[in-house]
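Each remark here refers to the structure printed beneath this line.
The values are calculated or read from the model by the stated rules, or taken from the named source; none is laboratory data. Just so you know, these numbers come straight off a predicted model, no measurement behind them. Using ideal geometry, Cβ is built from the backbone for each residue, glycine included, and neighbour counts are taken over all protein chains shown. These accessible areas exclude ligands, DNA and RNA; they are computed on the full protein's heavy atoms, side chains included. Shrake-Rupley method; radii C 1.70, N 1.55, O 1.52, S 1.80 Å.
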Amino acid sequence: MDWEQQQRRKRKRFGRSSSHVQFLTRRSLFLCLAFFAFLLFLSSSRWFSIAAASFRPVLDVSSTTLSRLSTSASKSTLDNSLSGKYSPLRIERRVLFPDHLLLMVTGEFSRDEKLDCLYHKSVARDLKQETLKQSVLSTDRYDEFRSIARCPLPPRNYSASAVDLRWVGVEADDHWLVRNRHPVASWERVVYEAAIDGDTVVVFAKGLNLRPHKESNPTEFSCHFRLRNSNNNGDYVLTTKAVTAAQEIIRCSLPAGVSSTLDKEKGIRVTVGRGSVNTKAHLQVTLPSVARLSISKLNELQRNQEKHELCVCTMVWNQAAALREWIMYHAWLGVGRWFIYDNNSDDDIEEVVRELNLENYNISRLTWPWIKTQEAGFSHCALRARDECKWVGFFDVDEFFYFPSKYRRQQAYHTAGRNALHSLIANSSASTSNSTTIAEIRTACHSFGPSGLTSYPPQGVTIGYTCRLQSPERHKSFVRPDLLDPTLLNVVHHFRLKRGSGFFDVPKSNAVINHYKYQVWETFRSKFFRRVATYVVDWQEAQNEGSKDRAPGLGTEAIEPPNWRLQFCEVWDTGLRDFVQTLFSDPLTGYLPWEKASG
């Protein structure tokens, strides 16, 4: 009995203990849930909106406080919107030109992007920075990975190595400007381009002082390569010897394995060194470089397409107004592809090229900021066009092919001329009686003068200029890019060819080039004020005054000579004008095709 009572007491105590534990467990769970609900309430967007509303300037506060709060909120909103739209600007290299500072920038932005140039100067007293802002002169896309910006030259006491960029409307702080204080390179001493050619790399450099128009000793030079992730010091870790050297071009062997890494790297940096690669590193001098090696997916696609029979390369500066006539006319003659090297134009050339491409003219515009590099630019274009073109012509936008024997008879105008340039190249390349392969076709030029005009002819140069010098000058060429000498040596007018290849001179009765060289004074002055060729100094310098590339009697001052409009007129030649008017003009309006699109 006593034992049964003891068992009942134990059960009661256990039940009370169990009930107490269950109660504590439920209470703890409730408190935890309440605490988490409170945290969720604090973190809700509603709470923040209420909190934010409490900071809105709607209370009875002073006008000064209200102004500060409003300004701070506006600035924060602007910064947030801009930070979402613009990325930081990283300047890779600065190159000093005679009239501007070129900034090479990582990333992409379009032509004429709205940017400011920032100039920094340290003040000695308190070491604070003085910052000066000027509008950027121009911007442009450079290659697949980079853009360029042209800034005014730094004012006195402001360092060129400290010039930065910022988007207009964005505050200049460390978040937006990622400075890279490399020493400033000079446009006269810099490696500026590079391209892969088979198992070699072709590097374009200024400052090597190689002999003009002649081959140099390649053993003096070497190429140096730097992979993006090779080390933390930015050193060039791969070196190969040069195999050719001429003018501004060094060709070196391509290091093993570099080609396979190009897809992974955003361009492999390359430069040129002078001195034996077997000497100690400090004895070898390397040039500053902005050049990168890369493989363009577009080029890979073009290699698999059928080649164009005729292509043309040219280099221009502010020639947008002349492009339509030149391209439309020569496309009718058979040219199917155009490579335009834009040498710092500040006119509307990009828009003109865009419109022509919409009209199915196949034109590529390449930003080429390197002045006095026409020969090197043409060598670069020969490499670039080789995979797309069987024949490439090198001539200027003021030069027009003309076929006197085809155009002579008025009644034949309705058939003469279409694809005539294509026929000329095909016939000339087969016009050899020996085993020599024709790789270059040369056509003589007739130089035209102002022809009595004082203003630019509104219908174009082929209509306006009709008086020329009697004797032809120089020649321009079409070449087979696959048969050029490995040095790529040229003198603008013609290239050095591979052994076993030759050239053909077109008889003047079959074809000539009308070179509208001496135009009305304003046009002529602009052209010769800003020469792009390497073999001619600026016309205002007292050098080579007897050269055929200078105007006879012009002198060295930008003053219009007496009777300029009547000079260089020995023979009246209206052949091309008559042909163009008969064949190209609209029978109802008389307009020419290049006039219509321009309004």
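Tabulated values for the structure
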item: Meets criteria (crowded, with 18+ Cβ neighbours inside 10 Å and modelled with pLDDT under 95) for LYS508; result: no
item: Meets criteria (out of contact with any Gly (no Cβ under 9 Å at 6 or more places or on another chain) and within 30 Å of GLU560 (Cα to Cα)) for SER447; result: yes
item: Single condition TYR413 does not satisfy, out of (1) modelled with pLDDT under 95; (2) open to solvent by less than 40 Å² (accessible area, probe 1.4 Å); (3) out of contact with any Ser or Thr (no Cβ under 9 Å at 6 or more places or on another chain); result: (3)
item: Wholly within the stretch 271-370, helices (runs of 4 or more DSSP H) carrying at least 1 residues that are at pLDDT 95 or above and not assigned by the TED database to the domain that holds VAL580; result: none
item: Subset tally (residues that are surrounded by 14 or more Cβ atoms within 10 Å (Cβ to Cβ), modelled with pLDDT under 85 and in a loop (DSSP other than H, G, I, E, B)) for the stretch 145-178; result: 3
item: Every residue from the stretch 439-472 that is hydrophobic (A, V, I, L, M, F, W, C) and not in a strand (DSSP E or B); result: LEU453, VAL461, ILE463, LEU469
item: Set TYR591, TYR518: member being open to solvent by less than 50 Å² (accessible area, probe 1.4 Å) and modelled with pLDDT of 60 or more; result: TYR518
item: Contacts under 8 angstrom Cβ, first residue in the stretch 504-524 being farther than 15 Å from ARG442 by Cβ, partner among the basic types (Lys, Arg) and surrounded by 21 or more Cβ atoms within 10 Å (Cβ to Cβ), 6 or more apart; result: ASN514/ARG468
item: Residue in the stretch 322-334 that is within 22 Å of VAL203 (Cα to Cα), open to solvent by 10 Å² or more (accessible area, probe 1.4 Å) and of a type in the set (Lys, Arg) present; result: no
